[in-house]
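Student: Just dropping this structure here.
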Amino acid sequence: MAKPGRAAASASTAAKTLHDGLVVASHGRHCLVETPAGERLICHPRGKKSQAVVGDRVRWQATEDEGTIEEVLPRRNLFYRQDEIRTKSFAANLDHVLILIAAEPEFSEHQLARALIAAEAERITPIIALNKSDLVEPFARAWNKLAPYRRMHHGVLPLSLKASGEADYASLMKLLAGKSTLVLGPSGSGKSTLTNLLVPGATVLTQEISQALNSGKHTTTSTTWYWIDEARTTGLIDSPGFQEFGLNHIQPMQLAKLMPDIAEHANDCKFYNCTHLHEPGCGVIANVDSPARPGPISASRYRIYGELFAELSQSRY
Ligand SMILES: Nc1nc2c(ncn2[C@@H]2O[C@H](COP(=O)(O)OP(=O)(O)OP(=O)(O)O)[C@@H](O)[C@H]2O)c(=O)[nH]1
Ligand SMILES: [Mg+2]
Ligand SMILES: [Zn+2]
């Protein structure tokens, strides 16, 4: 990493000049901005309007040995979660969200479903990967639990990041090439292990960044962008593990179309404003799997739909 400040120092002669940059890390209100030449420096936002997130393209101005973000360029998407209290932005301008879960610790299907809905709402392509296939029994259990997700068009990629040879993640690499991907998942699923595998030396860089931004230690505490290739065309973003994924920004009536397996049957209902919860002639209810009547919509996915619908209806009042 270029020492923070070096780029700014050379630029300070041209006061008030705006430079292009990419936000590659953020912590609290500071950001680390990368210049087109690949140098990195700490920047502070000018005000609320120039509050930037990782993946943002910005215009910045040099100050003594740091910089100020003067403008955040328009985003093509913003991946975020929102609970009653606050909105938490993960990253902007993404091609993919790679949801990395693992055989251990056991993942919450509810949180997985929520992350997928948030990606769908921003039209970001999700990839699901299940890590730690070397833990045979818990892996088999988790793989089973993922059956409804394996049937969706993106499928689920099995991984063993700790012990893998390149062949094991070649298919993942193919998906990532030339794109910007946010790696998201619960704590301990292997997000940083993946980053280190694809970007040798990433940990060192993380520690430098953490130090520079006065943040914590081993478990990932800030979202950071890495380049997988030297030409800087493939971006991988490591993020801290999350526990709760708030979807308060989603309207309950939007939900069905953001869950592809449910959306597929949501046009076959008798009522145009069907909630798919209790209406007669509902195409969704008719396709929910049950012991008495097998169907393409898994019972757990439909249960999650109902619970989210209730939660999002409540949070509006
Ligand atoms: N058995 C097994 N362990 C793994 C595998 N991949 C990663 N681990 C281990 O899982 C632990 C957590 O990995 P990390 O990469 O730090 O997890 P993380 O998702 O970055 O966690 P946070 O930063 O806390 O969100 C580490 O001890 C890894 O060595 C795997 O394929 N198999
Ligand atoms: Mg981590
Ligand atoms: Zn319906």
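Student: Along the Cα→Cβ direction, 7 angstrom out, place labels at Lys257 and Ala140. What is the inter-label distance in nm?
Tutor: 4.3 nm
Student: Still on this structure, I have one more. In whole Å, largest first, what are the principal axis extents of the Cα atoms in the chain?
Tutor: Ordered largest first, the chain gives principal extents of 75, 47, 30 Å.
Student: For segment 91-108, take each phi angle, set θ = phi - 60°, evaluate the Karplus expression 6.51 cos²θ - 1.76 cosθ + 1.60, and give the result in whole Hz per residue in order, putting x for glycine and proline.
Tutor: Per residue, the Karplus-derived 3J(HN,Hα) values read 6, 10, 6, 9, 8, 9, 10, 8, 8, 9, 10, 9, 4, 9, x, 4, 9, 9 Hz.
Student: Is segment 252-314 best put as rounded, prolate or oblate by its Cα gyration tensor, with a ≥ b ≥ c the root eigenvalues, rounded for a/c under 1.5, and otherwise prolate when a/b is larger than b/c, oblate when not?
Tutor: oblate
Student: Setting aside same-chain residues fewer than 8 positions from Lys174, which lysines have a Cα under 28 Å from its Cα?
Tutor: Once the sequence-local lysines are set aside, what remains near Lys174 is Lys132, Lys145, Lys162, Lys191.
Student: Calculate how steeply helix 202-212 sits against the longest principal axis of the alpha-carbon atoms of the chain, using the helix alpha-carbon long axis, and give the answer as 0 to 90 degrees to the nearest 10.
Tutor: That helix lies at roughly 60 degrees to the long axis.
Student: Taking amide H atoms as placed 1.01 Å from N in the peptide plane, list the residues 5 or more away in sequence, or in a different chain, whose amide H sits under 5 Å from that of Leu73.
Tutor: Amide H to amide H, under 5 Å and 5 or more residues apart or across chains, Leu73 pairs with Arg57, Val58, Arg59.
Student: Based on C-alpha coordinates, I'd like the Rg and Dmax of segment 96-141, in Å.
Tutor: Both quantities, over Cα of segment 96-141: 11.7, 35 Å.
Student: Based on the Cβ-Cβ distance from Ala37 to Lys270, what FRET efficiency comes out when R0 is 41 Å, to the nearest 0.05?
Tutor: Once the sixth-power term is evaluated, E becomes 0.10.
Student: With no solvent and one point per C-alpha, what does the Debye sum give as log10 I(q)/I(0) for segment 49-135 at q = 0.15, 0.18, 0.20, 0.21 Å⁻¹?
Tutor: Listed by q, the Debye log ratios stand at -0.70, -0.87, -0.97, -1.02.
Student: Strictly over 24 Å apart at the Cα level, which of Lys49/Lys179; Lys48/Lys179; Lys48/Lys88 would you flag in this model?
Tutor: Table pairs above 24 Å Cα-Cα are Lys49/Lys179; Lys48/Lys179.
Student: With a Förster radius of 35 Å, plug the Cβ-Cβ distance of Glu71 and Glu244 into 1/(1 + (r/R0)^6) and report the FRET value to the nearest 0.05. Don't skip to the answer; put the middle values down first.
Tutor: Values: r = 32 Å, r/R0 = 0.93.
So the FRET efficiency works out to roughly 0.60.
Student: Over segment 18-72, with the other protein chains present, what is the accessible area per residue in square angstrom, probe 1.4 angstrom?
Tutor: That works out to 45 Å² per residue.
Student: Please determine, in degrees from 0 to 90 and to the nearest 10, the orientation of helix 166-176 with respect to the longest principal axis defined by the Cα atoms of the chain, where the helix direction is its Cα long axis.
Tutor: 90 degrees
Student: Can you order the peptides 257-263, 242-248, 220-226, 83-89 by their average number of other Cβ atoms within 10 Å per residue, highest first?
Tutor: Highest-to-lowest ranking by the protection proxy: 220-226, 257-263, 242-248, 83-89.
Student: Let me ask something else. Would you mind counting up the charge near Ser160? Only other residues with Cβ under 11 Å from its Cβ, with Lys and Arg at +1 and Asp and Glu at -1.
Tutor: 0
Student: Let me ask you something else. By how many nm would the segment from Ala147 to Lys48 lengthen if fully extended, with 0.36 nm per residue of separation less the alpha-carbon distance?
Tutor: Working: separation 99, 0.36 × 99 = 35.64 nm, distance 4.35 nm.
Answer, rounded to one decimal: 31.3 nm.
Student: Moving on to the next point. Extending each Cα 7 Å along its Cβ direction at Glu84 and Met173, get the distance between those two points in nm, one decimal.
Tutor: Reported label-point gap for Glu84 and Met173 is 4.8 nm.
Student: Turning to a different aspect of this structure: With a ≥ b ≥ c taken as the square roots of the eigenvalues of the C-alpha gyration tensor of segment 18-72, please select rounded if a/c is under 1.5 and otherwise prolate if a/b is larger than b/c or oblate if it is not?
Tutor: Here segment 18-72 falls in the rounded category.
Student: With a sphere of radius 13 Å drawn around the Cβ of Ala256, what net charge do the other residues whose Cβ falls strictly inside it have (Lys, Arg +1; Asp, Glu -1)?
Tutor: Combined, the nearby Lys, Arg, Asp and Glu give -3.
Student: Expressed as an acute angle from 0 to 90° and rounded to the nearest 10, what is the orientation of the C-alpha long axis of helix 136-145 relative to the principal long axis of the chain?
Tutor: Between the helix axis and the principal axis of the chain, the angle is about 70 degrees.
Student: Put one equal scatterer on each alpha carbon of segment 78-238, apply the Debye formula with no solvent term, and list log10 I(q)/I(0) at q = 0.08, 0.16, 0.19, 0.20 1/Å to two decimals.
Tutor: The calculated log intensity ratios at q = 0.08, 0.16, 0.19, 0.20 Å⁻¹ are -0.22, -0.96, -1.36, -1.50.
Student: Cα gyration tensor of segment 93-184, axes a ≥ b ≥ c as square roots of the eigenvalues: rounded (a/c below 1.5), prolate (a/b > b/c) or oblate? Write out the running numbers ahead of the final one.
Tutor: Numbers: a/c = 2.02, a/b = 1.19, b/c = 1.71.
Oblate, because a/c is 1.5 or more while a/b does not exceed b/c.
The values are calculated or read from the model by the stated rules, or taken from the named source; none is laboratory data. Just so it is clear, the model here is predicted, and its values are computed rather than measured. Note that we place each Cβ from the backbone using ideal geometry, even for glycine, and neighbour counts take in every protein chain shown. Only protein heavy atoms, including side chains, enter the accessible area calculation; ligands, DNA and RNA are left aside. Shrake-Rupley method; radii C 1.70, N 1.55, O 1.52, S 1.80 Å.
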